[in-house]
Amino acid sequence: MSTGLEDPLTFNQIVYGIAEFIEVAIHTILYVRQVYPAEIFVRRKKYETPVFQSRHPALNEYISGAVKAIADELAHGKIDKIVVVIKDKEQIALERYLFSVETMIDIEGFNKDTGVEEAMSRTSLIQYFRSFILKLNMIEAQIGQMNLGDDISFAIVLELKDDAAPTHSNTKDPPPWIPAITQHTTAGMTDKAELHMVRAVNTGIINLSLAVQESDEKIQRERQKNPPKKKKTIDDKDKEPKLQEQVKNVNSN
């Protein structure tokens, strides 16, 4: 997948690149979905395209801490999905942004600092991440504006592979994660939820895809807020007087 002009990326470079991208994507989601006021964001440039980054210290600390934990679990090949959930004050999920991960190589005993022959180059990876961000910036065209009030917030949920335990759970350090509310996870999705694919990339080492899911609760609320307009029916009897009036006007001329 490398262009031949650049060395293919290593496992560790891919892990770092994906973790960094997810951090940029989280800031982008919070901005475009108006989870926080636009005033707390500052315009930056990343992946050769404009992006918006929060400048709120506490928010940035939460995001960067979560991304560090994501990078740790990516390096151990334990992640199945990263979910950025937008929720209301009752902790009901309204939108879930699903970053699905699939590790394509056996990382046990693998030299993680050696270039992988099938891996893409740094330039190619940046181009893919740029297309992800561009798609996120236009997500409103797919799922509309977020018009469900000001009492919304978000959470970052990490779903590990079956039987996988968090990397830091066996250390003396406090675990960076707490058990997630089921309604925020993919297990809380219903059949009536709507899923929209955003973008996918195969790096040759780790496959990454992004989709956004609108919850059934959000869809119902939007329908109640904006009910479909009823079509006005026209009775034949209503047409007749108008037709007669038109004929009378013609004859009088």
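A short reminder: the numbers here are calculations on the coordinates, not readings from a lab. No experiment lies behind these values; they were computed from the predicted model shown. Cβ placement follows ideal geometry from the backbone for every residue including glycine, while neighbour counts extend to all protein chains displayed.
For a quick check of your reading of the filter: which trypsin sites (Lys or Arg not before Pro) in region 90-158 sit in a DSSP loop and have no more than 16 other Cβ atoms within 10 Å?
Working: sites: R96, K112, R122, R130, K135; in loops: K112.
The qualifying sites are K112.
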Next on the checklist: Could you tell me the calculated FRET efficiency between E39 and S131, based on Cβ-Cβ distance and R0 = 45 angstrom, to the nearest 0.05?
Outcome noted: 0.95
Checklist outcome for this item: Note, region 211-226: 3J(HN,Hα) by Karplus (6.51, -1.76, 1.60, θ = phi - 60°), whole Hz, Gly/Pro = x, goes 9, 10, 10, 8, 6, 4, 4, 5, 4, 5, 5, 5, 5, 5, 6, 10
Next on the checklist: What distance in nm separates the two pseudo spin-label positions at D191 and Q220, each 7 Å out from Cα along the beta-carbon direction?
Outcome noted: 1.6 nm
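For R199 and E118, what does the FRET efficiency come to when R0 = 25 Å and r is the distance between their Cβ atoms, rounded to the nearest 0.05?
Values: r = 20 Å, r/R0 = 0.81.
Result of the calculation: an efficiency of 0.80.
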Checklist entry - Which value in nm describes the separation of the simple spin-label points at E6 and D151, placed 7 Å from the Cα toward the beta carbon? => result 4.7 nm
Checklist entry - Using the 10 angstrom Cβ neighbour count as an exposure proxy, how do E23, E118, E95 rank, fewest first? => result E118, E23, E95
